[in-house]
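The values are calculated or read from the model by the stated rules, or taken from the named source; none is laboratory data. Just so it is clear, the structure is predicted and the values come from calculations on it, not from any experiment. Neighbour counts run over all protein chains shown; Cβ positions are idealised from the backbone, glycine included.
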Amino acid sequence: MQMERRVLVAVFLSFLVLYGYQTFILPPPPPPQPQAETSASAPGTATATGTAQESPAIPPSPQATPAADAVATDEPEAATVVIGEDAEREIVVETATVDGRLSNRGARILHWRLKAYRDDLDQPVDLVPSDLPPGSATPFALQVDDPAITERLNTALYRVIGDRAGRVDAQTGEASVLFEFEDASGLRARKEFRFDPRNYLIAFSATVENGGVRLNPSVLWGAGLEDSGAQSGGGSFFTGNYVQPPQGIYHLDGSVERLTAGDLQEQPIHNGPFRFVGIDDHYFIAAALNTGQTRIEFQPTPLAGPDDTQRVFVSQAFTFPDAPDNVQFFYGPKQLDLLRSVDTELVRAINFGIFGWLAVPLLGALQWIYGFAGNYGWSIVLLTLCINLTISPLRHKSVVSMRKMQAVQPQMKAIQDRYAGLKKTDPARQKMNTEIMALYKEKGVNPASGCLPMLLQFPVLLAFYSMLGQSIELRGADFGFWIHDLSQPDPYYIIPVLMAGTMFWQTKITPSTADPAQQKIMMLMPLMFTFFFLQAPSGLVVYWFVSNLWAIGQQYFTLWMIGPVIMATVRPPAERRLKNAGAGKTPGAGKRS
């Protein structure tokens, strides 16, 4: 108890000492000194007392940098501009294929409109999303380790060299434009763009120095790609209409990897000497070419659309071994011949799937025919006729084989009836198979030849399906009549219904050895295919419809050539037993002596 009292007394006396020191001994604080008007300036500017206040810098995300209108009044005043411009303006860049807009604020691309492709509003496709939130990065923004320098690089007004009255003309030949900036703090930046007149290529160089120290900036791209008019039936028979959303893509060590938004969340960073690397969607791609050892960071970027629909774009940031110097970027459509002219491996950006080996030559043949026909719909019709003409000998052989199968059907059924009482596991059933094969051999029948044309047609069908769904050549291709886009489904389902009718007709006249129940099931196939083809590209349905018409005409011609089927007759079992019994008797047997 005495110890506790001593503790309480000690605490009380300590409190009294502290209170007395603060009240009677500690000198009062000095009165506040008047400050000049500049003392109310933002952090980082000099005050009247001669001190400087610094605010913590917030590093920007890889997909966003501050825009001019996002700079608040309490941010630090920038250093005096040595090289730059006084007002923000746009520079028009026009090539034979692109109508672009660059801004001198940050020296970045604001719009990249493709002249040959239209969106759902019948305007040129702009690959830079138009509804980006304020502060979002656009292609060719820069990023360094210091967030303050990054902000300065992307909000400064650069001096423009190479434009004439705000315009860069690259319609007939290569043209370039140069952006320069320097301030009194020692920050210097230089960006150069060279534009190819036809191939959607941009050669980009950038140098950044801070206080005489050269930095290696990353190249930011921002959210992409935008294609509001992309419609395709290139998914599968069962998923119907499908448009590939933006995703990451790169070519490394001879293989092409495609990274969905889910993949990018798990592993956003990739490194390697890429043949090409960037982002693509169903029909377009933005990629750096032959980069050497490069670090690429992808970032899924969700944005709300004008109708409040959620869209997920992909942002990307390139970090090259050194400051980018004449790095080639392809920023345009995934058009086969165009990609091949830029880099033979770049054609692999088109996702033709496992039948790419067949889809590519089919597309080449389609383009060749289009050079004469001038209409992709009629080009599909002519290509379909060529394909069917090529396989017509196999189809003829198939019909002949099916007729032979019909002729021996009674004999084959008689063999099967003799062994009907045996279990499937009974070894004696092997003798039935031996007798059937002997019958086939005797009559010259090959059961597999009836299925061969259909099996050969399926790879062509699937390759056509992939080609029409992925080829930008068919995007918006007008056939005429009511079909104005061969890559989209028939809006009135007329071609799918006609296709189903011809398929039903073909099934009805095809020789068959199936039993009545199986034949009824086969008659349901046209209905199933109609369901599958309702959302398929109309160009694919045109191919199938024309193929059916050809097959029907050829089948009637073949049946006329070979004549009616002559069914083999099989004697009843009792008759065969009597004949066999009579054959085993000798003359005079059975008589009494």
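Just one of Pro59, Pro66 is crowded, with 21+ Cβ neighbours inside 10 Å, within 15 Å of Leu220 (Cα to Cα) and either among the hydrophobic types (A, V, I, L, M, F, W, C) or modelled with pLDDT under 95 (or both); which is it? Working first, answer last.
On the way: Pro59 fails: crowded, with 21+ Cβ neighbours inside 10 Å.
Pro66 is the lone residue from the list that is crowded, with 21+ Cβ neighbours inside 10 Å, within 15 Å of Leu220 (Cα to Cα) and either among the hydrophobic types (A, V, I, L, M, F, W, C) or modelled with pLDDT under 95 (or both).
Among the small types (Gly, Ala, Ser) and at pLDDT 80 or above - does that describe any residue in segment 504-517? Give the steps one after another, and end with the answer.
To start, the set of residues in segment 504-517 that are among the small types (Gly, Ala, Ser) comprises 512, 514, 517.
Checking which are at pLDDT 80 or above leaves us with none.
Checked segment 504-517: no residue is among the small types (Gly, Ala, Ser) and at pLDDT 80 or above.
Which of the residues that make up segment 328-354 are part of a helix (DSSP H, G or I) and in contact (Cβ under 8 Å) with a residue 60 or more places away in the chain? It would help to see each step written out before you state the result.
Keep residues of segment 328-354 that are part of a helix (DSSP H, G or I), which gives 336-342, 344-349, 353-354.
Result: Leu336, Leu338, Ser341, Val342, Glu345, Leu346, Arg348, Ala349, Gly353.
In segment 470-514, which residue that is in a loop (DSSP other than H, G, I, E, B) and either in contact with a Cys (Cβ under 8 Å, 6 or more places away or on another chain) or among the hydroxyl-bearing types (Ser, Thr, Tyr) (or both) is nearest to Lys334 (Cα to Cα)?
First pass over segment 470-514, keeping only residues in a loop (DSSP other than H, G, I, E, B): 471, 475-479, 481-482, 484-493, 510-514.
Among the residues that remain, those that are also either in contact with a Cys (Cβ under 8 Å, 6 or more places away or on another chain) or among the hydroxyl-bearing types (Ser, Thr, Tyr) (or both) are: 471, 487, 492-493, 510, 512-513.
Details: Ser471: 8, Ser487: 15, Tyr492: 29, Tyr493: 29, Thr510: 42, Ser512: 45, Thr513: 48 Å.
In this case the residue turns out to be Ser471.
A quick yes/no check of all residues on (1) at pLDDT 90 or above; (2) out of contact with any Phe, Trp or Tyr (no Cβ under 8 Å at 6 or more places or on another chain):
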{"residue": "Thr344", "(1), (2)": "yes, yes"}
{"residue": "Ala349", "(1), (2)": "yes, no"}
{"residue": "Leu362", "(1), (2)": "yes, no"}
{"residue": "Leu385", "(1), (2)": "yes, no"}
{"residue": "Pro393", "(1), (2)": "no, yes"}
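How do the strands (runs of 3 or more DSSP E) wholly within segment 95-164 filter down when requiring 2 or more residues that are of a type in the set (Lys, Arg): which remain? Explain how you work it out, then say what you get.
Working: elements: 98-103, 108-118, 124-126, 141-143, 159-161.
Answer list for segment 95-164: 108-118.
Where residues in segment 425-480 are assigned by TED's automatic domain parsing to the domain that holds Trp544 and of a type in the set (Ser, Thr, Tyr), which of them is modelled with the lowest pLDDT?
Taking the candidates together, the pick is Ser449.
Consider Leu153 against the criteria (1) surrounded by fewer than 15 Cβ atoms within 10 Å (Cβ to Cβ); (2) under 23 Å from Thr319 (Cβ atoms): it satisfies all of them except one. Which criterion is unmet?
Going through the list (1) surrounded by fewer than 15 Cβ atoms within 10 Å (Cβ to Cβ); (2) under 23 Å from Thr319 (Cβ atoms), Leu153 breaks only (1).
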